[in-house]
Amino acid sequence: MTRDELLETLGATPDRVERLAHGLSAAQLTRRPSEREWSMAETLNHLLGGERDVIFPRLQRMLLEGAPKFPSSATSRTGFAAEPALRDFGEDLAAFSQARSRTVAFLKGLGQRDWQRIGTTPTRGTLTIEAYARYLAEHDLEHVAQLEATRAVIAG
């Protein structure tokens, strides 16, 4: 994935989430497709929390500091945001869209060398900003596929 494709993927995710949620009721958005899977609202909350509270602050530190090391963001043994909070879907979508716009603008503003600045995470090891952004895009695609599958189950 080129940097342009990476930025396009990241920028498109909020619209993809919105399209997948279109026409669904609040009850459907909070319905889990199975006991062990997240609802669409929980998945969106996970995306929002990760973007706003973990990933963007880390990207900023990677730009401003020399090779920062990050503490774990995992809230349990199952990983970050294992139990997302249930909130208003529309509010979370607006907040996610705003947070993602900020992240994309940040990445677009990077100089060539900035993409190679590094930081170390407890789960992924040492990454460049570019590798972290690529991880974020792959994470998005994984959760968009999850949302598509969830919609298919809950919308009947």
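The values are calculated or read from the model by the stated rules, or taken from the named source; none is laboratory data. Remember, it's a predicted structure, so these values are computed and weren't measured experimentally. Quick reminder, even Gly has a Cβ in these numbers, built from the backbone with ideal geometry, and neighbours come from all protein chains shown.
Flag: Ala137 does not match the condition of being small (Gly, Ala, Ser), within 18 Å of Lys69 (Cα to Cα) and either surrounded by fewer than 16 Cβ atoms within 10 Å (Cβ to Cβ) or touching a residue at least 60 places away in the same chain (Cβ under 8 Å) (or both). Sub-8 Å Cβ pairs linking a first residue in segment 144-156 that is closer than 12 Å to Leu44 by Cβ to a second residue that is of a type in the set (Ser, Thr, Tyr) and not in a loop (DSSP other than H, G, I, E, B), at least 6 apart or interchain, are Val144/Thr13; Gln146/Thr43; Leu147/Thr43; Thr150/Thr43, ordered by first then second residue. Identify, please: which residue in segment 24-46 is over 13 Å from the mean Cα position of the chain (by Cα) and in a helix (DSSP H, G or I) and is, among those, surrounded by the most Cβ atoms within 10 Å (Cβ to Cβ)? Result: Ala41.
Listed by first and then second residue, the pairs with beta-carbon distance under 9 Å, at least 6 apart or on different chains, first residue in segment 1-23 and outside any helix (DSSP H, G or I), second of a type in the set (Ser, Thr, Tyr), are Met1/Thr9.
I'm told Asp88 meets every condition in (1) among the acidic types (Asp, Glu); (2) under 16 Å from the mean Cα position of the chain (by Cα); (3) at pLDDT below 95 except one. Can you identify the failing condition by its number? Among (1) among the acidic types (Asp, Glu); (2) under 16 Å from the mean Cα position of the chain (by Cα); (3) at pLDDT below 95, Asp88 violates only (2).
Scanning segment 1-23 for residues that are crowded, with 16+ Cβ neighbours inside 10 Å and of a type in the set (Lys, Arg) turns up just one, Arg16.
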